[in-house]
C-alpha cells in the first residue's frame with residue numbers, strides 16, 4: 001500500500017531536504033507514478049529509511065497537504081489526491097521552468113529578442129519526428 | 001515543559017589574553033535539534049561546558065531549564081544528558097557495571113532502551129572499559145547519557161571518533177531520540193553532512209560569537225552564490241547588500257549573499273545590465289563562504 005518510493009535524498013545538497021522530497025513527490029504524482037488513493041509511507045518510516053530528521057519529513061508532507069497534492073486521512077496517513085487535468089498540467093509546467101529559465105538566461109546573453117527565441121523554439125515543439 | 005532548555009546571554013570567557021566566548025548569545029528552543037558548527041579551536045567545547053556549568057563564565061549568564069548553570073539543582077541535572085568529547089569512565093569496570101553504576105544516580109532508567117542499544121551497537125556488557133576502542137568508548141559514553149531519558153541531550157563532537165557505520169547507527173539513535181519532539185538536542189561537530197541529516201537548526205560559532213543561528217532549511221534557502229555577467233566591467237563599482245564574499249574579474253562577478261531574494265537579484269540585473277545565475281550552496285560551502293576574509 002505505502003509506496004516507498006524511490007525517494008533519493010542528498011542531505012549535503014544546497015537544496016533543503018524537505019524541498020527535495022516535496023519536488024519528488026510532486027513529480028511522481030504529476031507523472032502518474034504515484035496514483036490517486038495511494039498512501040505515502042509514514043513520516044517515521046521515511047525518516048528512518050533516509051536517516052533524516054522526522055521533522056523534515058513532516059514539513060514536506062504538510063506542504064504537500066496544504067497545496068492539495070495529498071490529503072490527511074485520520075489514522076491512516078497521507079493519501080494522494082487526484083491531480084486533475086489542471087493540476088497535472090501545472091505541475092508538469094513547473095518541472096519545465098528551470099530549463100526555461102536557463103534558455104531565457106542564455107538568450108539574454110546572446111542578445112536574442114523574445115520573438116527570436118520563440119520562433120526558434122516553435123519548430124522544435126512541433127517537431128513530430 | 002515550556003522552559004528554555006539552554007540559554008546563554010552575553011556569555012564571555014577568557015583564557016589569559018585569549019577571548020574564547022565574546023558576549024555570546026544562544027537560546028536553544030525546546031524540541032529542537034541544534035547543530036553547533038565551528039572550526040577547530042573556535043570554542044565549541046568551551047561554549048558547551050559553560051552552558052552546562054562545567055566552566056565558569058567571566059561575564060554574562062548561562063541557564064539550563066531556567067536555572068543558573070553554575071548552581072543547578074538535582075532536578076535540573078536529572079533532566080540533562082551530557083557526552084563529553086573525551087569520555088572518561090573507570091577503566092577497571094566492565095561495561096554493564098559502568099551502566100549500573102551510573103543508573104544508580106537516577107530515579108528512573110530505561111533499561112530496555114539501553115539493552116537494545118547495547119546489542120545494536122555491538123557493545124559487550126562483560127568487556128572492561130579499559131580495553132574498549134575509542135569508538136566503543138564513545139558509544140558507551142552516549143549510552144550512559146541516554147539511559148535516564150534526558151529532556152536535554154548535549155553532545156560534544158559525538159561522531160568524531162566513530163567509523164562511518166557506527167556514525168550512521170549513532171545518527172539513527174539520535175533521530176529516534178529527537179523523534180518524540182519533546183526532547184532537545186545540542187551537538188557540536190565539524191562534520192557538516194551529519195548535521196544536515198539530523199539537525200533542524202544550526203548555530204555557527206566564529207570569533208567567540210554566534211554568527212548565525214536559525215533553521216538549517218532557511219539558511220540553505222537564503223544563502224546563495226550568484227554568478228553575475230554584466231555588459232560593462234564591474235571592477236571597482238560592483239557591490240551587493242548582504243554580500244558575504246565577493247570576487248570580481250572584468251565584467252564578471254561571483255558573490256555569495258546572505259539573502260538571495262528576487263529583489264536583490266532583480267536589482268543586480270537592472271543596476272549593472274547583468275545576467276545572474278543562482279547557485280545553491282550546501283552547508284559546507286556556506287560555512288566556507290562565511291569563514292572567508
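Each value in this text was obtained by applying a stated rule to the coordinates, not by laboratory testing. Small disclaimer: the values here were computed from a predicted structure and weren't measured. Please note: Cβ atoms are built from the backbone with ideal geometry, for glycine as well, and neighbour counts cover all protein chains shown.
Sorting check: for B:72-81, B:253-262, which peptide has the highest mean count of neighbouring beta carbons within 10 Å, and how do the rest follow?
Highest mean packing first, the order is B:253-262, B:72-81.
Using alpha-carbon pairs under 8 Å, 6+ residues apart, how would you state the relative contact order of the range B:51-160 in percent?
Working: 134 pairs, mean separation 39.5, N = 110.
Here the relative contact order equals 36 percent.
Could you work out, residue by residue across B:215-221, how many beta carbons of other chains sit within 10 Å of that residue's beta carbon, and then give the average as an integer?
Working: counts 2, 6, 7, 1, 1, 6, 4.
The shielding value for this peptide is 4.
Looking at the square roots a ≥ b ≥ c of the eigenvalues of the Cα gyration tensor of the range B:1-71, which shape do they give, rounded for a/c under 1.5, prolate if a/b is larger than b/c, or oblate?
Judged from the Cα gyration tensor, the range B:1-71 comes out oblate (a/c at least 1.5, b/c at or above a/b).
Quick one: work out the % antiparallel among DSSP beta bridges in the protein assembly as shown, nearest 5.
70
Any chance you could check the Cα centroid distance between the range B:118-161 and the range B:246-287 for me, in angstrom?
45
Between the alpha-carbon centers of the range A:35-107 and the range B:28-42, tell me the distance in whole angstrom.
Distance between centres, Cα-based: 30 Å.
Summarise the partner chain shielding of B:279-285 as one whole number: the mean count of Cβ atoms from other chains within 10 Å of each residue's Cβ. Kindly include the intermediate steps, with their values, before the conclusion.
On the way: counts 1, 5, 2, 6, 4, 1, 2.
So the per-residue partner count for this stretch is 3.
Cα centroids of the range B:200-244 and the range B:88-111: how far apart, whole angstrom?
46
Can you tell me how the range B:136-227 classifies by the Cα gyration tensor, rounded, prolate or oblate, using a/c under 1.5 as the rounded cut?
prolate
In deg cm²/dmol and to the nearest 500, what is the mean residue ellipticity at 222 nm of chain B if only DSSP H runs of at least 4 residues count, each as -39500 (n - 2.57), divided by the residue total?
The helix-only estimate for chain B comes to -9000 deg cm²/dmol at 222 nm.
In terms of the ratio Rg/(2.2 N^0.38 Å) built on C-alpha atoms, what value belongs to the range B:146-293?
Numbers: Rg = 19.4 Å, N = 148, 2.2 N^0.38 = 14.7 Å.
Dividing the Cα radius of gyration by 2.2 N^0.38 Å gives 1.32.
So for the range B:49-202, considering every pair of alpha-carbon atoms, how many percent are separated by more than 20 Å?
When all Cα pairs of the range B:49-202 are counted, 50 percent exceed 20 Å.
By how many degrees, between 0 and 90 and to the nearest 10, does the Cα long axis of helix A:54-66 differ from the longest principal axis of chain A?
60
Cα gyration tensor of the protein assembly as shown, axes a ≥ b ≥ c as square roots of the eigenvalues: rounded (a/c below 1.5), prolate (a/b > b/c) or oblate?
Judged from the Cα gyration tensor, the protein assembly as shown comes out oblate (a/c at least 1.5, b/c at or above a/b).
So what is the relative contact order for chain A, in percent, with contacts set as C-alpha pairs under 8 Å and at least six apart? Present the calculation step by step, with values, prior to reporting the outcome.
Values: 114 pairs, mean separation 30.9, N = 129.
Once normalised by length, the contact order is 24 percent.
Relative contact order, percent, of chain B when contacts are C-alpha pairs under 8 Å separated by at least 6 residues?
Result for chain B is 19 percent.
For chain B, place one equal point scatterer on every Cα, skip the solvent, and apply the Debye formula. What is log10 of I(q)/I(0) at q = 0.15 Å⁻¹?
So the normalised log intensities are -1.12.
May I ask for the angle, rounded to the nearest 10°, between helix A:114-126 and the longest principal axis of chain A, with both axes built from Cα atoms and the value confined to 0 to 90°?
That works out to roughly 70 degrees.
In degrees, nearest 10, range 0 to 90: what is the angle between the Cα axis of helix B:134-146 and the longest Cα principal axis of chain B?
Tilt relative to chain B: about 80 degrees.
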